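Take a look at the structure set out below.
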Amino acid sequence: MRSSPRSGDSLRQNQPMNGVPILGSDPDELPDPAGALRRPNGLLAMGGDLSPERLVAAYRHGIFPWFSAGEPILWWSPDPRLVLRPQNFKLTRSLRKRVRAAGWRITCDTAFLPVIHACAHAPRPGQDGTWIVPEMIAAYVRLHRLGIAHSVEVWEGTRLVGGLYGLAIGQMYFGESMFSAVPDASKAALWALCARLQAWGWPLIDCQQETAHLVSLGAELMPRGEFLDVTAALTRSGGPAPIWRSESMSL
């Protein structure tokens, strides 16, 4: 869950492009995650497209796209990988009191587009742009309409004050980004997501890269090899698809 622009800068900076494989137009063409071992921080390939077929296949293989305006599409599989087990979310007494006192209403899949736009326009100290470029927004909106991408929203009256979005494949949630317009609103969204996934028996959230903020909330590092094995199993787990949309999520 790329919530920290500073860590994003450090992950992408000084990445050599010479010798990086270039993907073609075939949506079934994916880079081998093992190729990331030859490059720092998990850069795998460039090019290709953001079609739903390629994106879903990429996430199943532990790969995600990440690039800025003016760059080609870049594909990543960092090692180690930051993950959050829903039952390990660190619910502090102060956060519980804050959420209860604020009287926020928490929903799911009622405002996907406003959430992704809010994540794209969230203030990013030391960074002028955003990796949530128009092509990425369009791609994830398509996934939302296909029932693959989902959002959690936090409301203060009629104002959207926090939220997050990501992909659900099989029994695994791949977090993409979150935002807060008021203190602790994104934490409340993540708390609600963890509560829902724990109730469904979904064991893991992919948080992608390490940030101090996510570690403070209970996320932990997992070696890429283990992450790829777990992801392959969870994304192919069967069972009926759960109902995501909710006008009110209880905490």
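Assigned to a strand (DSSP E or B), within 20 Å of Met178 (Cβ to Cβ) and at pLDDT 95 or above - does that describe any residue in the range 113-122?
Going through the range 113-122, the residues assigned to a strand (DSSP E or B) turn out to be none.
Checked against the condition, which is being assigned to a strand (DSSP E or B), within 20 Å of Met178 (Cβ to Cβ) and at pLDDT 95 or above, the range 113-122 yields no hits at all.
What residue, of Trp155, Trp131, is among the aromatic types (Phe, Trp, Tyr), farther than 16 Å from Val56 by Cα and at pLDDT 95 or above? Spell out the reasoning first.
Numbers: Trp131 fails: at pLDDT 95 or above.
The match here is Trp155.
Checking the condition under 15 Å from the mean Cα position of the chain (by Cα), touching a residue at least 12 places away in the same chain (Cβ under 8 Å) and within 27 Å of Asp229 (Cα to Cα), which residue from Gly166, Gly170 passes? Break it down into steps so the answer makes sense when it comes.
Working: Gly170 fails: under 15 Å from the mean Cα position of the chain (by Cα).
Just a single option satisfies the conditions, and that option is Gly166.
Hey, does the range 116-123 have a residue that's closer than 24 Å to Gly62 by Cα and buried (at least 19 other Cβ atoms within 10 Å of the Cβ)? Walk me through it before giving the result.
Restricting attention to the range 116-123, the residues satisfying the condition of being closer than 24 Å to Gly62 by Cα are 116, 119-120.
Cutting the leftovers down to buried (at least 19 other Cβ atoms within 10 Å of the Cβ) gives us 116, 119.
Yes, because at least one residue in the range 116-123 is closer than 24 Å to Gly62 by Cα and buried (at least 19 other Cβ atoms within 10 Å of the Cβ).
State which residue is nearest to the chain's Cα centre (by Cα) when the search covers only the range 205-233 and only residues that are assigned to a helix (DSSP H, G or I) and buried (at least 22 other Cβ atoms within 10 Å of the Cβ). Steps first, please.
To start, the set of residues in the range 205-233 that are assigned to a helix (DSSP H, G or I) comprises 212-216, 224-233.
Filter once more, keeping what is buried (at least 22 other Cβ atoms within 10 Å of the Cβ): 214, 227, 231.
Details: Leu214: 12, Phe227: 15, Thr231: 14 Å.
So, considering only residues that are assigned to a helix (DSSP H, G or I) and buried (at least 22 other Cβ atoms within 10 Å of the Cβ), the one nearest to the chain's Cα centre (by Cα) is Leu214.
What are the pairs with Cβ atoms under 8 angstrom where one residue, in the range 131-143, is over 16 Å from Leu74 (Cβ atoms) and the other, located anywhere, is in a loop (DSSP other than H, G, I, E, B) and at pLDDT 95 or above? Sequence gap at least six, or different chains.
Note: pairs meeting the criteria are Ala138/Leu50.
Among the listed residues Ala212, Ala241, which satisfies the condition of being within 24 Å of Glu53 (Cβ to Cβ) and modelled with pLDDT under 95?
Working: Ala212 fails: within 24 Å of Glu53 (Cβ to Cβ).
On inspection, the qualifying residue turns out to be Ala241.
Name the single residue, out of those in the range 150-163 being in contact with a helix residue (DSSP H, G or I) (Cβ under 8 Å, 6 or more places away or on another chain) and without any contact (Cβ under 8 Å) to a residue 60 or more places away in the chain, that is nearest to Leu55 (Cα to Cα).
Filtering the range 150-163 down to residues in contact with a helix residue (DSSP H, G or I) (Cβ under 8 Å, 6 or more places away or on another chain) leaves 150-154, 156, 160-163.
Next, from what is left, pick out any that are without any contact (Cβ under 8 Å) to a residue 60 or more places away in the chain: 151, 153-154, 156, 160-163.
Values: Ser151: 17, Glu153: 24, Val154: 27, Glu156: 33, Leu160: 28, Val161: 28, Gly162: 25, Gly163: 22 Å.
Going through the qualifying residues, I end up with Ser151.
Scanning for something part of a helix (DSSP H, G or I), in the same structural domain as Thr92 (by TED's automatic domain parsing) and either within 22 Å of Leu44 (Cα to Cα) or basic (Lys, Arg) (or both), does the range 176-188 turn up at least one residue?
Here is the first cut: in the range 176-188, the ones part of a helix (DSSP H, G or I) are 185-188.
Filter once more, so that each one left must be in the same structural domain as Thr92 (by TED's automatic domain parsing): 185-188.
Remaining after also requiring either within 22 Å of Leu44 (Cα to Cα) or basic (Lys, Arg) (or both): 187.
Yes - at least one qualifying residue is present in the range 176-188.
List every residue pair whose Cβ atoms lie under 7 Å apart, where the two residues are 6 or more positions apart in sequence or sit on different chains, the first residue falls within the range 48-69 and is under 13 Å from Met136 (Cβ atoms), and the second residue, located anywhere, is acidic (Asp, Glu) and modelled with pLDDT of 95 or more.
Leu50/Glu135
The values are calculated or read from the model by the stated rules, or taken from the named source; none is laboratory data. Model, not experiment: these values are computed from the prediction. Using ideal geometry, Cβ is built from the backbone for each residue, glycine included, and neighbour counts are taken over all protein chains shown.
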